[in-house]
Amino acid sequence: MELPATTTLRLEPDRDVLHVWLARPEVRNAMNGVLIGELEATFAAIADDRSVRVVVLRGEGGNFCAGGDVKDMVATRSAPAVDGVDPIAAYNRRFGTVIAAIERAPQVTIAVLEGAVLGGGFGLACVVDIAIAKHDASFGLPETGLGIPPAQIAAFVVQRIGLSQAKRLALTGARFDGKRAKELGVVHEVCDDRTLNETIAETLTQVRRCAPAANAATKAIMQQVGAVPLDAVLDDAAARFAAATRGPEAAEGMLAFVQKRQPSWAKDA
Amino acid sequence: MELPATTTLRLEPDRDVLHVWLARPEVRNAMNGVLIGELEATFAAIADDRSVRVVVLRGEGGNFCAGGDVKDMVATRSAPAVDGVDPIAAYNRRFGTVIAAIERAPQVTIAVLEGAVLGGGFGLACVVDIAIAKHDASFGLPETGLGIPPAQIAAFVVQRIGLSQAKRLALTGARFDGKRAKELGVVHEVCDDRTLNETIAETLTQVRRCAPAANAATKAIMQQVGAVPLDAVLDDAAARFAAATRGPEAAEGMLAFVQKRQPSWAKDA
Amino acid sequence: MELPATTTLRLEPDRDVLHVWLARPEVRNAMNGVLIGELEATFAAIADDRSVRVVVLRGEGGNFCAGGDVKDMVATRSAPAVDGVDPIAAYNRRFGTVIAAIERAPQVTIAVLEGAVLGGGFGLACVVDIAIAKHDASFGLPETGLGIPPAQIAAFVVQRIGLSQAKRLALTGARFDGKRAKELGVVHEVCDDRTLNETIAETLTQVRRCAPAANAATKAIMQQVGAVPLDAVLDDAAARFAAATRGPEAAEGMLAFVQKRQPSWAKDA
């Protein structure tokens with residue numbers, strides 16, 4: 001694995017886990033263009049690497065991410081169009097490309113959500129596979145209060161919690177805590193300081209019981225639902241099932257099942 | 001704003017809010033052809049009017065809406081097809097056009113749900129942005145008990161609460177109260193007599209903190225999800241984001257943010 | 001009604017209800033090729049029969065269904081492709097065809113979920129109209145622990161509980177009980193031994209109040225949502241509404257409504 005050099009992310013590989021820390025704590029890890037580019041490069045670097053099984057996204061300094069960097073946004077307001085391309089639209093659209101890439105990562109993605117989980121940070125929370133929140137984290141979509149729509153993240157929020165709740169959160173700018181985030185389906189687990197580390201550890205243990213390529217195939221199948229016709233999803237799923245069944249993970253997994261022992265991948269870590 | 005003359009609705013403009021009262025209390029505000037046409041005309045009249053920021057839908061006499069007017073339906077049973085157009089199908093289809101228009105209204109829509117919220121009334125409840133229910137309201141889809149499917153509203157109920165719960169409600173005709181409606185995701189808030197007015201007031205305050213055009217753009221983006229490919233949603237969102245960022249609301253919103261004051265639209269009411 | 005001869009299912013017609021028992025209790029009703037074929041034949045036999053209004057799916061011996069039969073799967077691993085058709089993919093794909101057919105059954109389908117509700121059994125639970133679970137049933141998607149993806153059922157699980165929860169369950173292999181299954185939306189009712197029979201009876205009573213053809217039309221409409229454009233759903237719904245309104249069920253249903261009596265179909269059982 002060759003990781004990119006980064007200045008706004010701190011990358012900590014630890015055996016089969018890559019810890020990705022958002023590292024602009026002085027602005028509650030607000031995302032600027034550099035950070036978005038580094039997220040993209042990091043996920044691209046591991047896209048074909050099955051030795052990294054899990055990515056843990058977290059923010060330094062007690063906040064996950066306060067959203068887009070308003071200073072960056074103010075600066076772009078005066079940028080003129082070049083060759084018919086609006087630089088504001090292009091900048092915005094790129095963030096959508098990056099969070100879609102994170103959603104499609106073959107690894108299992110986990111977010112640890114503390115402090116501010118706002119705007120674009122809320123969007124990131126909505127695309128990870130497993131979201132673990134501190135009970136006192138602060139979630140919300142404050143964009144419309146600034147006079148702009150939550151644009152690139154809108155689709156991912158709708159996908160996560162449904163059109164009805166997504167609209168309400170965006171149209172009211174309501175803030176809410178980790179417990180409510182779990183009720184809404186934004187996150188899967190809520191913890192306090194005392195239980196956070198054990199919840200992360202238990203989640204990693206659960207994920208490691210599942211075969212890496214099988215997990216990647218599962219994500220690839222599930223993420224097609226709604227985007228392509230049902231018959232096409234089922235055809236693709238059958239092809240992936242056959243490939244998996246003839247592959248080394250199924251050989252080991254079914255042997256381990258018959259022998260009533262843990263498969264090799266469960267002992268990796 | 002020029003509002004249509006209406007006989008089955010009572011329209012009460014109040015600064016930036018239009019109160020729309022269903023006004024056939026003698027039949028629990030059951031919808032006939034006149035009422036459906038007046039709903040359509042009312043939302044059409046304000047579609048391009050940003051001075052109306054919120055529409056509050058409510059029923060007179062303690063009921064929201066008991067559904068389609070059965071007497072009207074019985075009368076149409078003997079209507080013959082004209083030029084190959086089945087008048088029953090056309091009548092029914094028109095209701096779908098109207099509730100789809102309400103769903104796409106650029107305003108924030110709020111329903112206050114008391115008493116009967118049945119059939120077509122349930123459908124209306126499923127398309128507003130924010131649904132506030134009295135705890136003792138009575139929700140349900142009684143159509144199949146009459147020998148007909150909940151036809152035009154089916155898609156909107158599925159969109160609101162998912163296929164699984166929508167099917168169960170329709171196939172059993174189950175009645176349920178406001179608390180259960182919130183658990184199912186039909187509504188967002190449950191109140192009693194004592195807290196209803198303050199819940200409505202608080203919701204209006206929250207909505208007014210959000211910029212009107214940004215809210216309209218947000219609805220337009222979110223309502224595309226699932227209907228068009230993800231990339232097209234993200235492209236449209238980027239274009240709307242750029243337009244908003246270059247527009248007057250973002251200028252005011254970002255200035256207010258930097259100056260740590262409320263933006264102008266939050267003081268409108 | 002002419003039912004197929006079956007060896008892995010026990011079919012018990014009882015007036016308007018067909019009880020379908022999965023009958024391989026020695027392997028916790030794991031599904032092999034024979035059972036899948038018999039499920040297909042059974043639902044095909046009643047597809048045009050409105051005298052069967054409800055199908056109740058249940059497992060013999062205290063388990064619903066432990067999923068695919070691993071012995072069958074191991075045996076297929078060495079099967080070669082024939083004429084370019086991979087027999088593993090074809091076997092797997094066929095299961096998708098069968099559960100899609102169960103989902104589209106014109107009857108109201110009920111599953112009684114006890115003991116193991118795993119893998120393919122979990123998939124079956126996700127396509128019935130009404131799922132009733134024992135509180136101590138054991139739900140989960142263990143496939144990835146065996147090195148294979150939950151392939152054909154993935155789309156139906158996503159449809160039932162959303163992409164977010166579906167991914168988490170599959171990528172962690174988490175087991176959970178009936179109460180949690182209700183919170184997630186996998187099932188609609190949770191019972192204990194004492195209340196199971198009365199819950200089933202009450203559900204049948206509710207379903208019987210609803211007209212059989214109207215229920216079938218409702219399912220047909222709702223299951224299009226998301227798969228075809230909204231306007232097409234509304235057009236189809238209007239045509240079905242008109243046909244129903246001109247039909248015998250609406251004649252009886254509206255007369256019974258006016259006469260304040262139960263319609264004929266509510267007295268069938």
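The values are calculated or read from the model by the stated rules, or taken from the named source; none is laboratory data. The structure displayed is predicted, hence computed values, not measured ones. Note that we place each Cβ from the backbone using ideal geometry, even for glycine, and neighbour counts take in every protein chain shown. What goes into the accessible areas is simple: the full protein's heavy atoms, side chains included, and nothing from ligands, DNA or RNA. Shrake-Rupley method; radii C 1.70, N 1.55, O 1.52, S 1.80 Å.
Laid out as a table, the results:
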| read-out | value |
| --- | --- |
| Axis-nearest residue in chain B [Cβ, rotation onto C], distance in whole Å | B:226, 3 |
| Gyration tensor over alpha-carbon atoms, region B:167-219, equivalent ellipsoid semi-axes in Å | 29, 18, 6 |
| Residue with peak Gaussian network fluctuation, chain A [Cα springs, cutoff 10 Å], from A:208, A:194, A:50 | A:194 |
| Rg over Rh, two decimals, region A:1-127 (C-alpha only, Kirkwood Rh) | 0.98 |
| Residue-wise HN-Hα coupling along region C:60-70, computed from phi with Karplus coefficients 6.51, -1.76, 1.60 (Hz; x: Gly, Pro) | 7, x, x, 10, 6, 6, 8, x, x, 6, 4 |
| Within chain A, percent of DSSP bridges classed antiparallel, to nearest 5 | 25 percent |
| Under-5 Å amide H pairs with residue C:19, H placed in peptide plane, nonlocal only | C:12, C:14, C:56 |
| Spherically averaged projected area of region A:116-159 from its Cα convex hull (nm²) | 3.2 nm² |
| Shortest-first nm distances, residue C:255 label point to equivalent points in other copies (7 Å, Cα→Cβ) | 7.2, 7.2 |
| 10 Å Cβ neighbours from other chains, averaged over peptide A:87-95 | 5 |
| List A:228, C:157, ordered by accessible area with a 1.4 Å probe, largest first | A:228, C:157 |
| Accessible surface of residue B:135 - all protein chains present, 1.4 Å probe, nearest 10 Å² | 90 Å² |
| Chain A - percent relative contact order, Cα under 8 Å, separation 6 or more | 15 percent |
| Accessible area expressed per residue, chain A, with surrounding protein chains retained (probe 1.4 Å, Å²) | 37 Å² |
| When the convex hull of its Cα atoms is projected in every direction, mean area for the protein assembly as shown (nm²) | 36.2 nm² |
| GNM flexibility winner over chain B from B:125, B:201, B:214 (Cα, springs under 10 Å) | B:201 |
| Whole-angstrom gap from region C:162-182 to region B:141-172, using each part's C-alpha centre | 26 Å |
| Antiparallel bridges, percent of DSSP beta bridges restricted to the protein assembly as shown (to nearest 5) | 25 percent |
| Fluctuation leader among C:163, C:35, C:118 - chain C, Gaussian network, Cα springs under 10 angstrom | C:163 |
| Rg in Å to one decimal, and Dmax rounded to a whole Å, for chain B via C-alpha atoms | 19.5, 67 |
| Accessible area (Å², 1.4 Å probe, nearest 10) - residue B:27 | 50 Å² |
| Sequence of C:53, C:240 when ordered by accessible area, the most exposed leading, probe 1.4 angstrom | C:240, C:53 |
| Gyration tensor over alpha-carbon atoms, region A:81-201, equivalent ellipsoid semi-axes in Å | 27, 17, 12 |
| Accessible area buried at the A-B interface, both sides summed, 1.4 Å probe (Å², nearest 100) | 3700 Å² |
| Solvent-accessible ranking of B:139, A:257, largest area first, probe 1.4 Å | A:257, B:139 |
| For region B:112-269, the Rg and Dmax computed from alpha carbons only, in angstrom | 19.1, 61 |
| Karplus (6.51, -1.76, 1.60) ³J(HN,Hα), θ = phi - 60°, over region C:167-174, in Hz, Gly and Pro reported as x | 4, 4, 4, 6, 7, 10, x, 4 |
| Over region A:57-144, equivalent-ellipsoid semi-axes from the Cα gyration tensor in Å | 27, 17, 9 |
| At 7 Å out from Cα toward Cβ: residue C:176 inter-copy label distances (nm, ascending) | 1.7, 1.7 |
| Using θ = phi - 60° and Karplus 6.51 cos²θ - 1.76 cosθ + 1.60, couplings along region C:126-143 (whole Hz; Gly, Pro as x) | 7, 10, 6, 6, 9, 10, 10, 10, 6, 4, 9, 5, 10, 9, x, 10, x, 4 |
| Shortest-first distances to equivalent copies, position residue A:78, nm, label 7 Å out along Cβ | 7.6, 7.6 |
| Sum of side-chain charges, residue B:28 neighbourhood, beta-carbon under 12 Å (Lys, Arg +1; Asp, Glu -1) | -3 |
| Fraction of antiparallel bridges per DSSP, region B:70-200 only, in percent to nearest 5 | 25 percent |
| Cα-based convex hull volume of region B:144-235 per residue, rounded to whole Å³ | 139 Å³ |
| Local net charge near residue B:258, Cβ-Cβ under 14 Å (Lys/Arg +1, Asp/Glu -1) | +1 |
| For region B:213-266: Kirkwood Rh in Å [reciprocal of mean 1/r, alpha carbons] | 12.2 Å |
